[in-house]
Structure formats: structure tokens, C-alpha cells
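Asks: Have a look at the structure that comes next, please.
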Amino acid sequence: MKQALGEMTSAVRGRGCYLNNCRLNTDSKSKHSSNTQQPRQSVLGQSLINVGFPVCKESTLLASSRAVSALATKVRGLRMCACASQVIAWVAQSKFQAYFSWDLNAWDVAAGMLIVEESGGLVYNFDGTRADISSRDIIFTCRAETGEEGLLRDELIEVLRDNDCVEY
């Protein structure tokens, strides 16, 4: 619960995600009314992304700095809010399209993983595999437009790999 904002985000596996006891819409947003397959377009440039800024190790701080530099001109906006649990809740609410960070702990993400998944979002490791409670380097994305599921994750992973932000 974020008292200052009057927001409480919660979820129960298989029962959905809620903001102040009102269910968040988990249906994929559709911007195409026809059934024809549209080519996948970049969504990175339309996205507001929160980047973790882990300062406990120089190597993770440097990886984060490289990611900020690489993404700065490719996204609609970058933020660096320091409270992982709050940012993850905002991803579930689609206030941010994605959040990623390095060296997270189970207490940072345990509830957030469920909240994002129940809101229709995705939770993945930096290598593109599905994250679990033991994962440390994680990408959270909000629910996607129809036909764009996983696209933002894929674009973020490409930028992270191309700019030496995955290994630290």
C-alpha cells in the first residue's frame, strides 16, 4: 500500500489484480479492428520505462548507467524511481510500460510478480525466460496491445544485450 497516494494494489492467483478493490482490466488493448495480421512495430519509442539503479555493486551500477544511456533516445521517457514494489504496481496499472532492474531480491518482487501477471503483464529474466522467485535480473512489462505481446520485452532485451548491460 502506498499511503501517500491512497493506492493499494493487490492480486490473488487466478482472480485478477486490483487497485483499491477495483479490478484492473486484463484484456489486451486492441488498436486494430480487422483480423488481418499487422506487422509488428516497435513499441519502445512509445514507452515510459523505469530503470533500476542498483548501487550496492559497482558492476550493477555501471550496467544500469549503460542501459540509461542506450535507452535515453529510444523511449518516450525514462524514470528511476527507487522503490521496486511501487514501480512494479505502476507497471501493473500501465502507468509505466516496463520496469527492469539488476540484482533484485525475493522480497523486492514476490508480490509484484503475481500482481503484474494477474494484470495481464509479463515477468521475464534478462535472457527472455520466464522469471521466478529466485530470479535476480528481471523485466516487468504491462499488458500489451493485441498482437504485440512480448514485443517490448524483446526490444528491451535487445538493447540490454547490444549495450553490454546483461552481464556484470
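The values are calculated or read from the model by the stated rules, or taken from the named source; none is laboratory data. Model, not experiment: these values are computed from the prediction. Here the Cβ is made from the backbone with ideal geometry for all residues, glycine too, and neighbour counts use every protein chain on show. For the accessible areas, the whole protein counts, side chains as well, though only heavy atoms, and no ligand, DNA or RNA atoms are used. Shrake-Rupley method; radii C 1.70, N 1.55, O 1.52, S 1.80 Å.
Asks: Mind checking which residues of the stretch 1-37 are modelled with pLDDT under 80, in contact with a Cys (Cβ under 9 Å, 6 or more places away or on another chain) and not hydroxyl-bearing (Ser, Thr, Tyr)?
Replies: Of everything in the stretch 1-37, just one residue is modelled with pLDDT under 80, in contact with a Cys (Cβ under 9 Å, 6 or more places away or on another chain) and not hydroxyl-bearing (Ser, Thr, Tyr), namely Lys2.
Asks: Residues to consider are Leu122, Leu114; find the one that is in contact with a helix residue (DSSP H, G or I) (Cβ under 7 Å, 6 or more places away or on another chain) and under 19 Å from Cys17 (Cα atoms).
Replies: Step by step, each of Leu122, Leu114 is checked, and only Leu122 is in contact with a helix residue (DSSP H, G or I) (Cβ under 7 Å, 6 or more places away or on another chain) and under 19 Å from Cys17 (Cα atoms).
Asks: I would also like to ask the following. May I ask you to say which residue of Val123, Val116, Val159 is at pLDDT 95 or above and over 12 Å from the mean Cα position of the chain (by Cα)?
Replies: Result of the check over Val123, Val116, Val159: Val159.
Asks: Out of the stretch 46-79, which residues are among the small types (Gly, Ala, Ser) and part of a strand (DSSP E or B)?
Replies: Gly77, the sole residue that qualifies.
Asks: Further question on the same structure: With (1) at pLDDT below 95; (2) more than 19 Å from Tyr18 (Cα to Cα) as the list, and Arg143 as the residue in question, which single condition is left unmet?
Replies: If we test Arg143 against (1) at pLDDT below 95; (2) more than 19 Å from Tyr18 (Cα to Cα), just (2) comes out false.
Asks: From Arg76, Arg40, grab the single residue that is under 16 Å from Leu152 (Cβ atoms), open to solvent by 60 Å² or more (accessible area, probe 1.4 Å), touching a helix residue (DSSP H, G or I) at 6+ places or on another chain (Cβ under 8 Å) and at pLDDT below 95.
Replies: Arg40
Asks: A follow-up question, please. Being open to solvent by 50 Å² or more (accessible area, probe 1.4 Å) and within 22 Å of Gly120 (Cα to Cα), is that true of even one residue in the stretch 45-64?
Replies: Yes, that holds for at least one residue.
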